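Reviewing the structure listed below.
The values are calculated or read from the model by the stated rules, or taken from the named source; none is laboratory data. Values in this document were obtained by computation on a predicted structure and should not be read as measured data. FYI the Cβ positions are ideal-geometry reconstructions off the backbone, even for glycines, and counts take in every protein chain you see. Quick note on the areas: whole protein, heavy atoms, side chains included, nothing else; ligands and nucleic acids left out. Shrake-Rupley method; radii C 1.70, N 1.55, O 1.52, S 1.80 Å.
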Amino acid sequence: MTHMHITVRSGGPLSGTASVPGDKSISHRALILGALADGTSEIRGFLPAGDTLATLDCIRKLGIQVEQPDLTTLVINGKGLYGLCPPDLPLDCKNAGTAMRLLAGVLAGQSYSCVLDGSPQLRRRPMARIVDPLREMGARIECADGRAPLYIYGSPLRGVMYEMPVASAQVKSCLLLAGLYATGHTTVIEPGPARDHTERLLLAMDAAVSVDHPRITVEPGGVLRPLDLTVPGDVSSAAFLLVAVLVAAREAIQLAGIGVNPTRTGILDILARMGADIQVTNLSYEAGEPVADLTVYPAGLQGARIGGDLIVRAIDEFPVLMVAATQAAGETRVSGAQELRVKETDRIAVMTAELRKLGAAIDEQPDGFVIVGPQRLAGAVVDGHGDHRVAMSLVLAGLCAEGETTVKNAACIDDSFPGFVEMLQTLGAEVEQNGE
Ligand code: S3P
């Protein structure tokens, strides 16, 4: 259903219990690192979504056998750091920036050549941020205008010290993975606390990684111990349910088994700053990743000022935060978030344009936005632009808008949150999806 659209009506308050699928970032990494491990990894709670299934397909095309006894369980027959085979065809990363940027790090140091490509949407995204530092390490990569397709001619790599100009977990992870194949050690210096799942998983696999913030260093070679991992629920997917409760519920909702890695929980801090009451209980650890249950209570929201480290710690949550801000009393001001312009879409521009169709008043800034609420929204036809987080955010805006809202181009929701519409239906939302 490429032309799926969603209709949603504001209505009865939401209630019930919900769960969210596995973490997307950890699912990508578990697959890639499991392929490089010496032996069999078992991954439970894998996210079977468009982005992560693209990585699964690439890993299989690199000659790794992966069994999937059920949708969310993977058994990966890792063949060690040097066990990948040259793929016959270009590897298709679809819409997944994480797949392309992390695989580029692995493939740059192989003894063969290959091509990484993706959807028209991914071909528009900046790749110079990985190609330039990989070239500093000795990689031979060709691409036009810093964009995919990436033609990677495997070559010997040398370790470097690289100070990242932007806080990006994809760039950091790409270079750490390349560092496994380099001579000497590779150090990445990050300007902010970008998600650290790669480091945590590498440590759980006994790789020689040392973390001394803001420096992360990896030594080459060695043997990666296989993973035995239950992927936590994705806090970025949970964010949609948290905001749904805050804008449209009368009862608390509990979400079990959510990843609460501090590099990912900026949204919890932001919502707390806006007046939300979110309890974090039952903390445990899974392959070095903290996991907990979240309970969110309905509350009136107030505007807040958001910048600094909160930007990278909540980078994927700003589309849904814009919706929350329209319902919050007073001014919400986000700055320093220019990275939002190079995501699946330019999320500042696209969310501003689409929320305005629902009657929202938004002051768009080069690096953020200002929204003064609470605002009355009115149902309209809006466009998800093939960006999963934009489409889901607009569905939530529809929950707050009077009358009916239609979100076109929403099939992309399956890139990260298959079952999103069904989940909202279970909570009592008047929402349905239709093919065109
Ligand atoms: C991701 C890192 C972030 C994030 C993306 C997933 C990852 O991107 O926005 O959704 O899994 O490493 P950047 O590294 O471009 O900030």
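What is the percent of Cα-Cα separations in the chain that go past 30 Å?
Details: 38025 of 94830 pairs.
When every Cα pair of the chain is considered, 40 percent fall beyond 30 Å.
Under a Cβ-Cβ cut-off of 12 Å, what is the net charge of the residues other than THR332 that fall near it, where Lys and Arg count +1 and Asp and Glu count -1?
On the way: positive: ARG273, ARG305, ARG333; negative: GLU331, ASP363.
Computed value for this residue: +1.
Sum up the charges of everything whose Cβ sits under 10 Å from the Cβ of SER168, counting Lys and Arg as +1 and Asp and Glu as -1, but leave SER168 out.
Working: positive: ARG101, ARG129, LYS172, ARG195; negative: GLU190, GLU339.
My count for the surroundings of SER168 gives +2.
Against the longest alpha carbon principal axis of the chain, how many degrees, from 0 to 90 and to the nearest 10, is the axis of helix 318-327 turned?
The two axes meet at around 10 degrees.
Return the long-range amide H neighbours of THR183 (sequence gap of 5 or more, or a different chain), with a cut-off of under 5 Å between placed amide H atoms.
Answer set, sorted by chain and number: LEU157, ARG158, GLY159.
Take the Cα pairs of the range 24-227, get the Kirkwood Rh, then feed it into Stokes-Einstein at 25 °C and 0.890 mPa s and tell me D in µm²/s. Kindly include the intermediate steps, with their values, before the conclusion.
Working: Rh = 16.5 Å.
After rounding, the answer is 149 µm²/s.
Using a 1.4 Å probe on the protein heavy atoms only, what accessible surface does CYS114 show? Give it in Å² to the nearest 10.
10
Explain nothing, just compute: Karplus ³J(HN,Hα) = 6.51 cos²θ - 1.76 cosθ + 1.60, θ = phi - 60°, for every residue of the range 208-215 in order, whole Hz, x for Gly and Pro.
8, 10, 10, 10, 9, 3, x, 9
Kindly list the residues of the range 312-344 that lie in the label zone of ASP363, defined by a backbone N under 17 Å from the point 7 Å along the Cα-to-C-beta vector.
Residues passing the 17 Å test: 322, 325-337.
Which three lengths, in whole Å and largest first, does the range 40-97 cover when its Cα atoms are put on their principal axes?
29, 27, 16
Translational diffusion coefficient, Stokes-Einstein: compute it for the range 251-335 using the Kirkwood radius over C-alpha pairs as Rh, at 20 °C and 1.002 mPa s, and state it as an integer in µm² s⁻¹. Let's see the in-between values first.
Numbers: Rh = 13.5 Å.
D = 159 µm²/s.
Taking every eigenvalue of the Cα gyration tensor of the range 4-62, multiplying by 5 and rooting it, what semi-axes result, largest first, whole Å? Intermediate results must be reported in sequence, preceding the final value.
Details: eigenvalues 226, 45, 9 Å².
Computed over the range 4-62, the values are 34, 15, 7 Å.
Obtain the radius of gyration and the Kirkwood radius of the range 224-280 from its C-alpha atoms and give Rg over Rh. Don't skip to the end; give the middle numbers.
Working: Rg = 13.5 Å, Rh = 12.7 Å.
Radius of gyration over Kirkwood radius for the range 224-280 works out to 1.06.
Below 8 Å between Cα atoms, with a sequence gap of 6+, how large is the relative contact order for the chain in percent? Before the final figure, lay out each step's value.
On the way: 1115 pairs, mean separation 89.0, N = 436.
Worked out over the chain, it gives 20 percent.
Along the charge dipole of the chain, which of LEU89, LEU203, ILE59 sits closest to the positive end, that is, farthest toward it, with unit charges on the beta carbon of Lys, Arg, Asp and Glu (+1, +1, -1, -1)?
Of the candidates, LEU89 comes out farthest on the positive side.
Taking the Cβ of LYS61 as the centre, find all other residues whose Cβ is under 9 Å away and add up their charges (Lys, Arg: +1; Asp, Glu: -1). Don't skip to the answer; put the middle values down first.
Values: positive: ARG60; negative: ASP57, ASP88, ASP92.
My count for the surroundings of LYS61 gives -2.
How many Å² of accessible area per residue for the chain, probe 1.4 Å?
Working: 15300 Å² over 436 residues.
Per-residue accessible area for the chain comes out at 35 Å².
What number, rounded to the nearest 500 deg cm²/dmol, is the helix-based mean residue ellipticity at 222 nm of the chain, given -39500 (n - 2.57) per DSSP H run of at least four residues and division by all its residues?
Values: 14 runs with 136 residues, N = 436.
After summing the helix terms and dividing by the residues of the chain, the value is -9000 deg cm²/dmol.
Treating cross-link reach as a plain straight distance, find the lysines whose alpha-carbon is under 19 Å from the alpha-carbon of LYS172, omitting any fewer than eight places away in the same chain.
List returned: LYS24, LYS343.
At a 1.4 Å probe radius, which order do SER210, SER15, SER416 fall into by accessible area, largest first? If you can, show how the numbers build up before the last one.
Values: SER210 65, SER15 40, SER416 0 Å².
Highest to lowest solvent-accessible surface, that is SER210, SER15, SER416.
Starting from 0.36 nm per residue, how many nanometres of slack lie between ARG158 and SER111 once their C-alpha separation is accounted for?
Values: separation 47, 0.36 × 47 = 16.92 nm, distance 1.44 nm.
Separation in residues times 0.36 nm, less the Cα-Cα distance, equals 15.5 nm.
Using θ = phi - 60° and the Karplus relation 6.51 cos²θ - 1.76 cosθ + 1.60, list the HN-Hα couplings for the range 152-167 in order, rounded to whole Hz, with x at every Gly or Pro.
Whole-Hz 3J(HN,Hα) from phi for the range 152-167: 10, 9, x, 8, x, 10, 10, x, 9, 10, 10, 9, 6, x, 10, 6.
Where the accessible area of the chain is counted over protein heavy atoms with a 1.4 Å probe, how much of it, in %, is carbon and sulfur? Spell out each step's value before the answer.
Values: 7490 of 15300 Å².
So the carbon and sulfur contribution to the accessible surface is 49 percent.
Can you compute 3J(HN,Hα) from phi for each residue in the range 49-60, using the Karplus curve 6.51 cos²θ - 1.76 cosθ + 1.60 with θ = phi - 60°, rounded to whole Hz and x for Gly and Pro?
Residue by residue, the range 49-60 yields 10, x, 5, 6, 5, 5, 5, 4, 5, 4, 4, 5 Hz.
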